[in-house]
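Asks: One structure, pasted below without further comment.
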Amino acid sequence: MPPAAERVPWGWLAAGRASRRLVLVVVFVALLLDNMLLTVVVPIVPTFLYTTEYEAANSSVAPAQAEPAPPALKAPPFSSLFSYFDNTTVTVSGSTSAVDWVNGTESIHLPQPPTSSPPQPSGCPEGEEFLTEENVRVGLLFASKALVQLVVNPFVGLLTNRIGYHIPMFIGFTIMFLSTVMFAFSGTYTLLFTARALQGLGSSFSSVAGLGMLASVYTDDFERGSAMGIALGGLALGVLIGAPFGSVMYEFVGKSSPFLVLAFLALLDGALQLCILQPSKVSPESTKGTPVTTLLRDPYILIAAGALCFSNMGVAMLEPTLPIWMMRTMCSPKWQLGMAFLPASISYLIGTNLFGILANKMGRWLCSLIGMAVVGISLLCVPLAKNIYGLIGPNGGLGFAIGMVDSSMMPIMGYLVDLRHTSIYGNVYAIADVAFCMGFAIGPSTGGAIVRAIGFPWLMVIIGAINIAYAPLCWYLRNPPAKEEKMAILSQECPMQSQSYRTQRTLRDFPLADDSDMEAEDAE
């Protein structure tokens, strides 16, 4: 083969490694798969546990309770023959059939269904007490992922500052693949809990490294907002596909099928990362980032993190409780339990892509304020639904509003670090992911207990009121002040603008090529 022909693939690969768009594609796919796995279990776990535990236990008890009728109650031969010429009295009493002979006449006791309680509608699951207890167990299982992320995220932020973003990103893929395979073959609550916690570990590496990588590549505020909107579109698409895909596959193919499909897609993502990111290369940041403790003392970062936490806490509380509430009140089949989240997912996808660009023009603080208010109103309307069609409006508004908040707050996090701290993004996006995970940890774990104590409607009232009350705090993000030393640096290069500016670092291509560091030094 001619040497020129051999260099063509390698030249394309080198050009791809220097492309910011391909980096955005890698992060998009990673967030897509992470959130597909996040939501694909939402309709599967409640019905799977109900089938394997409650119905299996009852089916094993039922044969032991079935006993043959006593011989004394058996009808004599030809008892089915009935003559109108005999003075036979027919009485209906009780729920068992028996034949007695009184004064030479035959008295037949026919069976009658009990009338103490009305029969349950067809399709409604039995076991009210089991479903009530299952709210808590399913909530804890869903919350285990976020709890693990809460613990691991700060360490991943420090790790990205020391070795770069490429290796943590690939570690996240490897752990996610193992978690997906474990979900496919888990048959007990304990194994499902372990797989969910393992997913949280992999998600910590993928999300923190991915968002930090995007912020380091797109240093212009406007471009960063657009890139974050596209990346969050991958998150939204994963949420969109996950729940309906899981419910349909579980209903018509089986429990393992959706997880095996996701495992195959994860392998493709790993191959893409090997080609684009070079995960064997250590590329630490040249500047030491601001410590997490310093960032946590910044009130503006805390307000942004709180908005992320409380807005996502609403949908986090819905994930374990809404399917069980639908099973109890609407007698919904399995496929509807996942389809109920479809309006929220579609509107979230629209909201993140629309406001990734629009929020920069109208003000990200205003988008967040309106979004949190709409989140609260939508949650208050959820218990008013009488069937799955009544959930379309509230869930659609909920997803659109959360898209407004997420697509505004993620770029604000990077903006605040550029404006008030050192422009190293691993730690601040670790904080953003911690805030996101706190919503998904506190929401499911407390939501099930609140439903058991005071009911599902009051749960929606509580979290809806919290979002409406928190919304005015977003006003403080309208024009955050810069630190004095940062103000001096920025004023030397260009006047600081409230929405678009350039950082003190020179904009350069993504440092994936070996000679990129030398090019940066020459540019300086």
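Asks: In this structure, is Gly234 in a loop (DSSP other than H, G, I, E, B) and not hydrophobic (A, V, I, L, M, F, W, C)?
Replies: No; evaluated as a whole, the condition is false for this residue.
Asks: Taking segment 285-325 on its own, how many of its residues are out of contact with any Leu (no Cβ under 8 Å at 6 or more places or on another chain), part of a helix (DSSP H, G or I) and open to solvent by 50 Å² or more (accessible area, probe 1.4 Å)?
Replies: Matching residues across segment 285-325 total 3.
Asks: Out of Tyr470, Tyr476, Tyr415, report the one residue that is modelled with pLDDT of 85 or more, hydroxyl-bearing (Ser, Thr, Tyr) and within 28 Å of Ser206 (Cα to Cα).
Replies: Tyr415
Asks: Name the single residue, out of those in segment 333-392 being open to solvent by 10 Å² or more (accessible area, probe 1.4 Å) and β-branched (Val, Ile, Thr), that is nearest to Pro43 (Cα to Cα).
Replies: Only one residue tops the list, namely Ile388.
Asks: Here's something else I'd like to know. Which numbered condition in (1) at pLDDT below 80; (2) exposed (fewer than 15 other Cβ atoms within 10 Å of the Cβ) is the only one that Ile276 fails?
Replies: For Ile276, the failing item is (2).
Asks: Kindly provide the set of residues from segment 174-205 that are open to solvent by less than 10 Å² (accessible area, probe 1.4 Å) and either of a type in the set (S, T, N, Q) or not in a helix (DSSP H, G or I) (or both), ordered by number. Working first, answer last.
Replies: In the first step, residues of segment 174-205 are kept if they are open to solvent by less than 10 Å² (accessible area, probe 1.4 Å); the result is 179-180, 183-184, 186, 192, 195-196, 199-200, 202-204.
Of everything in segment 174-205, those that are open to solvent by less than 10 Å² (accessible area, probe 1.4 Å) and either of a type in the set (S, T, N, Q) or not in a helix (DSSP H, G or I) (or both) turn out to be Ser179, Thr180, Ser186, Gln199, Ser203, Ser204.
Asks: Test each condition in (1) in contact (Cβ under 8 Å) with a residue 40 or more places away in the chain; (2) under 20 Å from the mean Cα position of the chain (by Cα); (3) surrounded by 20 or more Cβ atoms within 10 Å (Cβ to Cβ) for His166 and report the one that comes out false.
Replies: With respect to (1) in contact (Cβ under 8 Å) with a residue 40 or more places away in the chain; (2) under 20 Å from the mean Cα position of the chain (by Cα); (3) surrounded by 20 or more Cβ atoms within 10 Å (Cβ to Cβ), His166 is out only on (2).
Asks: Kindly indicate the residue of segment 1-57 that is of a type in the set (D, E, K, R) and open to solvent by 40 Å² or more (accessible area, probe 1.4 Å) and also modelled with the highest pLDDT among those meeting that condition.
Replies: Arg21
The values are calculated or read from the model by the stated rules, or taken from the named source; none is laboratory data. Please read all numbers here as calculations on a predicted model, not as lab measurements. FYI the Cβ positions are ideal-geometry reconstructions off the backbone, even for glycines, and counts take in every protein chain you see. In case anyone asks, the SASA skips ligands and DNA or RNA and just uses the protein heavy atoms, side chains included. Shrake-Rupley method; radii C 1.70, N 1.55, O 1.52, S 1.80 Å.
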